[in-house]
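Q: Sharing a structure here in structure tokens format.
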Amino acid sequence: MSSSGRKLIPALALAFVAAFATGCAAENYPQSIFDPVTDLAVRVNDLFAGVFWWTMLVLAVVWIGLVFILIRYRDRPGAQPRKIYGSNIAEILWTLGPALIVISILVPTVRTIFYTYERPENPLLVEAVGHQWWWEFRYPELGITTANQLYLPAGKPIEVRLSSSDVVHNWWVPAFGGKRYNHPVTPVVDGAPTKKDYNVLYFTVDRPGEYPGQCAEFCGTSHALMRMLVVVQEPDEFEEWVERQRAPQVGLPAEFRTAEGEAPVGMAEVLARPAEELSLEAQGYQVFVRAGCAACHTIDGTSAVGVLGPNLTNVGARWTIGAGVMSNTRENMLSWVRNAPEHKPDVKMTPFTHLSDSELDALAAYLVSLK
Ligand code: CUA
């Protein structure tokens, strides 16, 4: 062996050990499929493990046989190979062996496929709509719409109906198992899934936690910035979240709230209030109204009912801005509102560079206060 070859071996061994050592730190990989938290993911993982060990068996048999034959039947002077053409034993063995392996893979695979399409009883219905480049989550039975951050109760069967408002996207939360396409169709919202042209995922999450996910189909410039976070809570915590989302006047700063039964404060009245009388958040709400944000966004409890962009109800509680672009702070929110395409190429949110720094600051303060 050459001297450079001798040096290469320890270097390769070191790289191998390093790769293994870093691979062991599972907590550094929140989007791993090897820590399943749903019945669906457990099933899929078991299937994967079964197929994996069958292939390992084949690999071992082939390699051991190969090494044995290479040594035992190597070229030697005068040696003549025995002819095995027409051997019934050999023919039967290499037909039956692979057939058994294929059946051992086929049966659990088909059973798992059927399991994934079995609708559980009384599931919580969620519609996950892909948009370029963010996720809309609707709970038709609860009257809630949110974006990018999905809340689910642990231990309750979930039905996720997958669709898209534009191009093909792909739902993937690795810890939940099941990666499935969002096709550009409108899901049926009457509760009875009769029109099966949207994809569906059924699962029950077995433990609370935060599980990141990601669009897994290339869908345009900012495909890599189409992330989501699924927050799984104990059922009573989830109920509290539902109540928070549905609270009357949830999106209004205190100054603009009215008592129960009273008429809501009109837009003209909101804009007429002198800014110096108002908190920064309330000034931000004035900017929100004046700048026309409602053309694209909804904030429950206000008159903003636009549906082109993400629903911003309680947007301050989300883990990031822009479906995973940056952390949800007032500074980042200001920067995002001023010029979103700078942070997320080709995003539909237009730059608001015509707003002054103080207007942007108030708007950002209002948005992050919504939680
Ligand atoms: Cu949506 Cu990639």
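The values are calculated or read from the model by the stated rules, or taken from the named source; none is laboratory data. What you see is a predicted model; the values in this text were computed from it and never measured. Note that we place each Cβ from the backbone using ideal geometry, even for glycine, and neighbour counts take in every protein chain shown. Heads up: the accessible areas ignore ligands, DNA and RNA and are worked out on the full protein's heavy atoms, side chains in. Shrake-Rupley method; radii C 1.70, N 1.55, O 1.52, S 1.80 Å.
Q: Residue by residue through region 260-276, note down the ones that are touching a helix residue (DSSP H, G or I) at 6+ places or on another chain (Cβ under 8 Å) and assigned to a helix (DSSP H, G or I).
A: The answer is 267, 270, 271, 275.
Q: Output the number of the condition that residue 280 fails; it satisfies all remaining conditions of (1) hydrophobic (A, V, I, L, M, F, W, C); (2) under 17 Å from residue 315 (Cβ atoms); (3) open to solvent by less than 40 Å² (accessible area, probe 1.4 Å).
A: (3)
Q: Within region 283-328, can you find the residues that are open to solvent by 40 Å² or more (accessible area, probe 1.4 Å) and under 23 Å from the mean Cα position of the chain (by Cα)?
A: Passing the criteria: 307, 308, 317, 319, 327.
Q: So, one more: Cβ-Cβ below 7 Å, separation at least six or inter-chain, first residue in region 256-267 and assigned by TED's automatic domain parsing to the domain that holds residue 303, second of a type in the set (Phe, Trp, Tyr) and open to solvent by 80 Å² or more (accessible area, probe 1.4 Å): which pairs?
A: none
Q: Further question: Hey, can you tell me all the residues within region 113-142 that are assigned to a helix (DSSP H, G or I) and either closer than 30 Å to residue 308 by Cα or over 22 Å from the mean Cα position of the chain (by Cα) (or both)?
A: Passing the criteria: only 114.
Q: Another question, then. Kindly evaluate residue 93 against the criterion of being of a type in the set (A, V, I, L, M), at pLDDT 95 or above and more than 25 Å from residue 177 (Cα to Cα).
A: Judged against the criteria, residue 93 is not a match.
Q: Within region 162-178, take every residue that is within 16 Å of the ligand (Cβ to nearest atom) and over 21 Å from residue 296 (Cβ atoms) and give me the one that is most open to solvent (accessible area, probe 1.4 Å).
A: The extreme case among them is 172.
Q: Going through 217, 243 one at a time, which residue ends up being within 16 Å of the ligand (Cβ to nearest atom) and either among the hydrophobic types (A, V, I, L, M, F, W, C) or not assigned by TED's automatic domain parsing to the domain that holds residue 364 (or both)?
A: None of the others qualify; the one that does is 217.
Q: From the list 250, 242, 231, pick out the single residue that is part of a helix (DSSP H, G or I), under 30 Å from residue 347 (Cα atoms) and open to solvent by less than 40 Å² (accessible area, probe 1.4 Å).
A: 242
Q: Residue 159 - would you say it is more than 22 Å from the chain's Cα centre (by Cα), of a type in the set (D, E, K, R) and away from the ligand (no atom under 16 Å from the Cβ)?
A: For residue 159, the condition - more than 22 Å from the chain's Cα centre (by Cα), of a type in the set (D, E, K, R) and away from the ligand (no atom under 16 Å from the Cβ) - is not met.
Q: Do we find that residue 90 is touching a residue at least 60 places away in the same chain (Cβ under 8 Å), of a type in the set (Gly, Ala, Ser) and surrounded by 11 or more Cβ atoms within 10 Å (Cβ to Cβ) in this structure?
A: Spelling it out, it is not the case that residue 90 is touching a residue at least 60 places away in the same chain (Cβ under 8 Å), of a type in the set (Gly, Ala, Ser) and surrounded by 11 or more Cβ atoms within 10 Å (Cβ to Cβ).
Q: Yes or no: residue 98 part of a helix (DSSP H, G or I) and surrounded by 11 or more Cβ atoms within 10 Å (Cβ to Cβ)?
A: For residue 98, the condition - part of a helix (DSSP H, G or I) and surrounded by 11 or more Cβ atoms within 10 Å (Cβ to Cβ) - is met.
Q: I'm checking my understanding of the structure. Among residues of region 309-344 that are in contact (Cβ under 8 Å) with a residue 40 or more places away in the chain and among the polar types (S, T, N, Q), which one is farthest from residue 147 (Cα to Cα)?
A: Step by step, filter region 309-344, then rank; the result is 328.
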